[in-house]
1. For residues that are under 13 Å from Val77 (Cα atoms), open to solvent by less than 20 Å² (accessible area, probe 1.4 Å) and either modelled with pLDDT under 90 or not in a loop (DSSP other than H, G, I, E, B) (or both), tally how many sit in the range 113-130.
2. If a residue must be within 23 Å of the chain's Cα centre (by Cα) and either closer than 21 Å to Glu546 by Cα or not in a helix (DSSP H, G or I) (or both), how many such residues does the range 237-277 contain?
3. Failed condition for Val202, given (1) part of a helix (DSSP H, G or I); (2) of a type in the set (A, V, I, L, M); (3) open to solvent by 10 Å² or more (accessible area, probe 1.4 Å); (4) over 30 Å from Arg102 (Cβ atoms), with all others met?
4. So Glu148 passes all but one of these: (1) within 20 Å of Arg203 (Cα to Cα); (2) open to solvent by 80 Å² or more (accessible area, probe 1.4 Å). Which condition number does it fail?
5. With Val184, Val133 as the choices, which residue is in a strand (DSSP E or B) and not charged (D, E, K, R)?
6. Would you tally the residues in the range 243-286 being among the aromatic types (Phe, Trp, Tyr) and touching a residue at least 40 places away in the same chain (Cβ under 8 Å)?
7. Out of all the residues in the range 316-339, is one or more modelled with pLDDT under 65, outside any strand (DSSP E or B) and either aromatic (Phe, Trp, Tyr) or more than 20 Å from His541 (Cβ to Cβ) (or both)?
8. Give the number of residues within the range 76-98 that are within 16 Å of Phe161 (Cβ to Cβ), without any contact (Cβ under 8 Å) to a residue 60 or more places away in the chain and buried (at least 21 other Cβ atoms within 10 Å of the Cβ).
Amino acid sequence: MRIPKQVSGRMERPNCPGGAGRGDPASELRASHLLLQALTEVQTEFIQGREVPRLFDKLLSVLLKLTGSEYGFIGEVLRTPEGQPFLRTHAITNIAWTPELREFFAREAPKGMEFRNLQSLFGAVMTSGEPVVSNAPAVDSRRGGLPEGHPPLRGFLGLPFHSATEMVGMVGIANRPGGYDEGVIDFLQPLLATCCAILQGVRSERRRRQAEEAQRRSAESFRTLIERSPDALFIHREGQVLFANSSAAGLLGHGCGALLRGRPITEFVQPGNEAGLTEPSSVSAPHEVLFQHREGRQVLAEVVTIPLLFDGQPATVSIARDITERRQVQEKLRASERMASLGTLAAGVAHEINNPLSYMLSNLRFVDDELSSLTGSGEGLVGARGQEIRDALKEALSGSQRVVDIVKDLKTFSRTSDERGGPVDLQAVLDLCGNMAWSEIRHRARLVKDYGGVPPVYANESRLGQLFLNLLINAAQAIPYGNIQGNEIHVSTRYEEEQVVVAVRDTGVGIPEENLGKLFNAFFTTKPVGVGTGLGLSICHGIITELGGRIAVQSEPGKGTTFQVFLPMGEPRSTTP
């Protein structure tokens with residue numbers, strides 16, 4: 001190790017590191033032997049796992065004895081988050097000069113005393129990374145000064161020790177008779193190497209313990225997070241439950257998750273729902289699974305199933321969220337929106353029924369009067385007069401059929417959606433919706449139908465009716481009254497890429513660009529206050545999503561709007577309660 005030749009106060013020549021008998025080869029040999037013996041003992045005890053503070057205390061004691069110094073320390077150089085070095089002692093001489101300081105030393109020394117003043121001789125070692133020799137500290141510009149009562153400082157030697165990449169620590173000793181020189185530094189190199197090796201071992205052990213502690217805290221936090229998660233978590237392997245949290249137990253009506261361990265996962269779901277817990281899924285496309293509650297009722301849940309390692313072996317985690325109440329609320333919202341739609345159509349439907357009823361009653365009165373007259377005169381039903389009666393009856397029957405059709409359409413539309421889905425003829429649904437919305441459309445625009453050849457889709461007829469009726473009513477209400485021939489609502493169907501596409505296009509006022517992204521938000525509406533609930537398009541979006549489809553909208557203010565509904569073929573994978 002290199003040191004500056006110029007030291008504070010005077011030039012020193014190398015001499016023997018010991019106290020008495022400096023320059024005597026026998027004394028030097030004896031000192032080297034004592035040092036190597038002490039280092040060997042310390043290294044052996046370190047390997048055997050002895051307490052580190054005791055090892056450094058022994059090294060400091062040997063260091064002071066062999067150099068003839070009065071006091072000193074061995075410390076580790078650490079850094080603040082800002083990168084500033086500071087010293088934490090692992091061994092230090094007790095030089096406390098008051099009862100208060102002796103009490104402070106006894107309390108702080110075992111856990112390591114910290115020194116952060118870099119404007120000092122030991123601070124110069126940490127900032128420069130080089131040895132500091134000062135044989136006249138009182139006039140040394142690097143000194144930091146001594147507090148009142150501190151033992152005198154007549155000489156100081158600070159020696160850093162380094163690993164391959166950083167300064168690990170330093171040794172500081174004071175008041176050697178005759179001062180310190182390069183010979184002392186050379187003599188202490190084995191001790192510095194031993195201190196460095198021990199501190200590197202301490203740091204490695206510290207990092208290992210910190211890593212273990214961090215892993216333990218992480219594991220505890222993760223377990224706490226899982227245990228307190230509001231979602232039910234089932235971890236299973238080869239069909240057997242390995243772990244279930246409290247929410248999983250609550251979902252199924254059990255007291256704690258431990259009661260579910262070791263049982264078949266399929267025991268807790270309705271038959272036909274097993275795939276939701278065994279087939280991987282994504283957060284964006286969860287399975288819907290019917291669980292079996294302990295009390296016998298069914299619980300509907302959205303389930304995301306993913307593979308993971310559990311206790312070092314492959315397993316599966318199923319994360320379930322109870323949506324039973326949410327589904328019930330959705331059904332109530334759908335019913336509310338359906339009733340709102342019926343309310344919108346009520347006046348028009350009454351008018352539709354009133355027209356055929358009027359001529360039905362008129363014709364039936366005519367028939368009644370004519371039959372009474374014929375009966376009184378004895379005439380039969382032959383001839384022109386009889387033909388009039390038969391024509392009147394046909395018109396009455398036609399009007400009756402019209403009323404029957406309107407009531408049938410109302411019944412189809414208002415039907416609850418609890419029934420299971422099946423193949424649905426889209427053209428028939430669109431015709432029904434056109435009939436239902438006709439009272440809204442007839443005074444605003446022409447209804448143009450452009451049906452392509454499309455196969456049936458697997459869905460619920462009532463829900464599809466609610467979907468397309470909402471779109472048709474919205475299209476009609478976007479067109480002002482009066483210009484029937486100048487406006488149209490165009491309904492088309494086509495089949496592309498294994499999807500059925502239904503487009504509803506209008507020539508209405510259009511939708512501002514800033515509102516396009518909000519259309520499917522619940523309770524958002526561009527209609528005047530008191531017109532519409534703001535739920536129609538939100539419910540439409542929910543219906544389409546349940547079917548595994550999607551809806552897109554294009555609009556330009558003043559030129560109209562087009563809604564496109566994309567419906568997949570085949571039965572949806574999700575289970576509808």
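1. Going through the range 113-130 one residue at a time, the tally reaches 4.
2. Qualifying residue count, the range 237-277: 5.
3. (4)
4. Checking Glu148 against (1) within 20 Å of Arg203 (Cα to Cα); (2) open to solvent by 80 Å² or more (accessible area, probe 1.4 Å), the one that fails is (1).
5. Details: Val184 fails: in a strand (DSSP E or B).
Only one candidate qualifies: Val133.
6. Taking the range 243-286 first, the residues among the aromatic types (Phe, Trp, Tyr) are 243, 268.
Those still in the list that are touching a residue at least 40 places away in the same chain (Cβ under 8 Å) too: 243.
Counting residues in the range 243-286 that are among the aromatic types (Phe, Trp, Tyr) and touching a residue at least 40 places away in the same chain (Cβ under 8 Å) gives 1.
7. no
8. 2
The values are calculated or read from the model by the stated rules, or taken from the named source; none is laboratory data. Source: prediction; values computed, not measured. Counting neighbours? That spans all protein chains shown, and the Cβs are built from the backbone with ideal geometry, glycine included. Note: accessible area is taken over every heavy atom of the protein model, side chains too, but ligands, DNA and RNA are not part of it. Shrake-Rupley method; radii C 1.70, N 1.55, O 1.52, S 1.80 Å.
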